[in-house]
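As structure tokens, the structure follows; a few thoughts come after it.
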Ligand code: ARG
């Protein structure tokens, strides 16, 4: 029976299973450096309010630096009772400097400590993620700049629609990533809010100087409400939302490249073969799922939590760490894919069939004065006629065309030219060479602005 199975557990000393369940050091040890930075700043702040003498402060700071070295060099020895990074560091500090170590936590709680660590850690990671994303965009823009000559069919509803430049397609994804880059910079002020000095929940009873702490740790602002400071993880949710959207963009780009690499989309053979890359693209597409999962899962953890710190909040770490690791790796892999993939210009060109010029055919008649709604219909009939004859649109005779509308003339042949079609799209945002060049410049300028 159940009772027998659990007999003796949860009575008396902590059950080993619960000990293991509670333990977060396994993953939160990656915050060791920010935890120590927060403690050093806090020790200095304690001196300013007379809790520590300058000499005590120096000893504590030296001790903390020794602890940090131990982590750095891999010699920190984790003890069974080290519950998390905060207790582990404090335990070790006291081993090194003795009883004095016990003064460091005066007026502080692990509640304001952990919230501070998480924000500091994330701010640091945002810098790395920014670099990774910028690198990806740079490679995409460089490649787009070099390959403006290559044309391929642009698809709508997974059907060939109009001819476009390959660079135009690549840049479309670069612009999505560029807006991700902007959004990432814009969330920084909301992460850069200092919780340290909020205490367990009600505030710091020794009136620690939080402005001093803010400056020491490089935060932009101070949490104005202690309950908010220790209790909310909105900045983590915001990053997870950001990461989910960025991964959506990664995933959609991967899907485009996968689809364009299939024989089905070419003329019998693959138009953009990914020699070594199909797995990387499918993984990029697939990895987005786990990031959305991290976001949805953590939002569920937060929903309905009562105010201030609850142990549920320890569940903020694994989803955040995993999301940071996943987006960082994905940006690097995507950069590698874009830098190294082979683009087969001739195969892409041969995937262009005359039916993608149906719109241009309609536009031809518009230029002869016929309302677009009618020309659209006439063009559709021309496509159907070619289909019934089992020939390409440009293989219909002038007589065939004139049978559909008398405005068709000798100059009709001008329509059946992919390059000319692309070059006609010459207003801002279009796929003409000039407008693609403009996009490259705009993308480069945006990069510098960031
Ligand atoms: N390991 C904990 C966490 O990550 C630290 C905060 C513990 N605070 C507490 N009151 N139990 O959330």
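Read-outs throughout are calculated quantities, based only on the coordinates presented, and are distinct from any laboratory measurement. These figures come from a predicted structure and were not determined experimentally. Neighbour counts are summed over all protein chains in view; Cβ atoms, including those assigned to glycine, are modelled from backbone coordinates with ideal geometry.
Can you tell me, using C-alpha contacts under 8 Å and at least 6 residues apart, the relative contact order of the chain as a whole percent? Mind dumping the intermediate values first?
Details: 574 pairs, mean separation 72.4, N = 450.
It comes to 16 percent, rounded to a whole number.
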Q: Any chance you could give the angle, 0 to 90 degrees and rounded to 10, that helix 54-72 forms with the longest Cα principal axis of the chain?
A: 50 degrees
Q | Choice from 158, 170, 123 with maximal GNM fluctuation in the chain (Cα, 10 Å cutoff) | A | 158
(Q) Using a 7 Å offset from the Cα along the Cα-to-Cβ direction at both residue 182 and residue 290, what is the distance between the two label points in nm, to one decimal? (A) 3.1 nm
(Q) To test your reading of the geometry: what angle, between 0 and 90 degrees and rounded to tens, separates the Cα axis of helix 433-449 from the longest principal axis of the chain? (A) 10 degrees
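If packing is taken as the average count of other Cβ atoms within 10 Å, what order do 279-286, 138-145 fall into, highest mean first? All intermediate terms of the calculation are to be shown ahead of the outcome.
On the way: 279-286: 16.6, 138-145: 20.1.
My ranking of the peptides, most packed first, is 138-145, 279-286.
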Q. In percent, what relative contact order does region 110-350 have, based on Cα pairs under 8 Å that are 6 or more apart in sequence?
A. 25 percent
Q: Would you work out if region 354-432 is rounded, prolate or oblate? Take a ≥ b ≥ c from the square roots of the eigenvalues of the alpha-carbon gyration tensor; rounded if a/c is under 1.5, else prolate when a/b is larger than b/c, oblate otherwise.
A: prolate
Q: In a Gaussian network model over the chain where Cα atoms closer than 10 Å are linked, find which of 333, 236, 412 has the largest mean-square fluctuation.
A: 412
(Q) Which residue fluctuates most in the GNM of the chain (Cα springs below 10 Å): 161, 135, 369? (A) 369
Q | Prolate/oblate/rounded call for region 184-244, Cα gyration tensor, a/c under 1.5 rounded | A | oblate
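Considering Cα pairs under 8 angstrom that are at least six residues apart, work out the relative contact order of region 351-450 and quote it in whole percent.
It rounds to 21 percent for region 351-450.
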Q) Mind checking the angle between helix 372-388 and the chain's longest principal axis? C-alpha axes, 0 to 90 degrees, to the nearest 10. A) 80 degrees
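Only bridges whose two residues both fall in the chain count here: according to DSSP, what percent of them are antiparallel, nearest 5?
75 percent
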Q) Calculated from DSSP H runs of 4 or more alone, at -39500 (n - 2.57) each and per residue, what is the 222 nm mean residue ellipticity of the chain, nearest 500? A) -20500 deg cm²/dmol
